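The values are calculated or read from the model by the stated rules, or taken from the named source; none is laboratory data. Since the model is a prediction, treat every value here as computed from it, not as a measurement. Cβ placement follows ideal geometry from the backbone for every residue including glycine, while neighbour counts extend to all protein chains displayed. For accessibility, only protein heavy atoms count, side chains too; no ligands or nucleic acids. Shrake-Rupley method; radii C 1.70, N 1.55, O 1.52, S 1.80 Å.
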Amino acid sequence: MHQVISLVSRGRECGQALALFAGGLAVFLGLVGLSIDMGQVVQARTDLQKIADAGAFAGSQDLPNKANAEDMANQFIVSNGNSDCSPSCVEVSTTDEQNDTITVTTRRHVSFSFLKFIGLDGTDVTARAKITSRYATGYAFDNQDVFPYGVWGGNGNTGGCTYGVCSGTLKVYRDNGYAEENVEPDPNSNANWDVTSNKFKGYFHAGTEVYQTNPDEWQTFSYGGNATGQEPIAALSYHYEHDIPIILPVISAAQDCNQCTLPDGSGADSYGVQFKIVGWVALKLTVDPATLAASQPFQGEVVSHYSSPHGQSGGGQTLPPSIAPRVIKLLE
């Protein structure tokens, strides 16, 4: 009798073990399935975010042109991966300036492999990127892409362009004969140029503050004399070699100033030069300054639709949209 009871007990224990094993296996497989399906969701979300970011950054380069921005963004979305947000993933809107914001929302349906056995076929995954692109009205000269040289714009609207700064034109931003090279018809007959001799050669000797565009305010950031050993030649050469435009202020007027004081309070005993900044412009360097003698002019070609994350926007005046650098900021 005892032996029979023992066999029955063992049978019950084996049955319970099998039941527990089966239950545990089901839970384990469920967790594996959940991790696989959720992994697909995470992977899709990562891919979609990359696509949204690429599309938004691409489209922002053409703002405030709504049609061009939308077209460029959609091209990047198509070329970088599939998204189900047909017919368009892109919305251009206004935050502070007309058509200054682009939003890209990407979407993809992810089908489940394991969770469908509990009634879940899949889910829609989305990602969003929102960028503002506004006119740059201020930069600091200690920024990596902003250089302490001036583009002369005091000849009026020459060549059919505001301040004579046309896309594709060559501009001399540093020369021992800066005035003779830039000021028309000549330095002695242009009311916007009141600087004695040739002491200003295009290079600003001092100043790292953020300078805002203001056509009505004189700003001081330069003194006379040579700048041997002071100019950022290596940095300019780097931009030339890597085809990276530099950003420079456009000055519409210059005048001598006795006891000019820089923003940091220095220079009150020096004989300086004051300027009026009317905008900023990007130049693609056409010659490597490192290969030039100090007497040779530094030149660059005005580029259009250039964007930089380093400037400030708001307030001040801007050059025409086609050539004014813009400040790109990722909001989300």
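Under a Cβ-Cβ cut-off of 13 Å, what is the net charge of the residues other than residue 193 that fall near it, where Lys and Arg count +1 and Asp and Glu count -1? Combined, the nearby Lys, Arg, Asp and Glu give -4. Residue 287 label point, 7 Å along Cα→Cβ, cut-off 19 Å on backbone N: hits in the stretch 229-256? Backbone N within reach: 229, 231-248. The listed peptides 39-51, 147-159, ordered by packing as a protection proxy, come out as 147-159, 39-51 (highest mean of other Cβ atoms within 10 Å first). Using a probe of 1.4 Å on the protein chains alone, the accessible area found for residue 174 is around 20 Å². Accessible surface of residue 307, taken over heavy atoms with a 1.4 Å probe and every protein chain present, rounds to 20 Å². Can you give the local net charge around residue 325? Use residues other than it whose beta-carbon is closer than 12 angstrom to its beta-carbon, Lys and Arg +1, Asp and Glu -1. Net charge around residue 325: +1.
Would you mind checking 171/199; 130/171; 284/329; 66/329; 199/329 for any pair whose Cα atoms are more than 29 angstrom apart?
130/171; 199/329, as the Cα separations exceed 29 Å there.
Model label sites at residue 258 and residue 126, defined 7 Å from Cα along the beta-carbon direction, differ in position by 6.8 nm. Spin-label pair residue 241-residue 218: with each label point 7 Å from Cα along the Cα-Cβ axis, the two points sit 4.2 nm from one another. Which of rounded, prolate, oblate describes the stretch 274-332, given a ≥ b ≥ c as roots of the alpha-carbon gyration tensor eigenvalues and a/c under 1.5 marking rounded, otherwise prolate only if a/b is larger than b/c? Verdict is prolate for the stretch 274-332.
Computed extension length for residue 312-residue 38: 94.5 nm, one decimal, from 0.36 nm per residue of separation with the Cα-Cα distance subtracted. Among the protein heavy atoms, those of residue 328 account for about 20 Å² of accessible surface (1.4 Å probe, every chain in place). For the stretch 162-201, the average shadow cast by the Cα convex hull is 3.1 nm², which is a quarter of the hull's surface. Can you list the aspartates and glutamates whose alpha carbon is less than 12 Å from that of residue 201, not counting same-chain residues fewer than 8 positions off? Here the aspartates and glutamates satisfying the reach criterion relative to residue 201 are 175, 180, 181, 231. Heavy-atom accessible area, probed at 1.4 angstrom with all protein chains present, ranks 199, 329 as 329, 199, highest first. Other residues whose C-beta falls under 14 angstrom from the C-beta of residue 244 contribute a net charge of -4, scoring Lys and Arg +1 and Asp and Glu -1. Per-residue accessible area (protein heavy atoms, 1.4 Å probe) orders 331, 292, 283 as 331, 292, 283, starting from the largest.
Taken along the Cα-to-beta-carbon direction at a fixed 7 Å, the label points for residue 271 and residue 303 span 4.0 nm.
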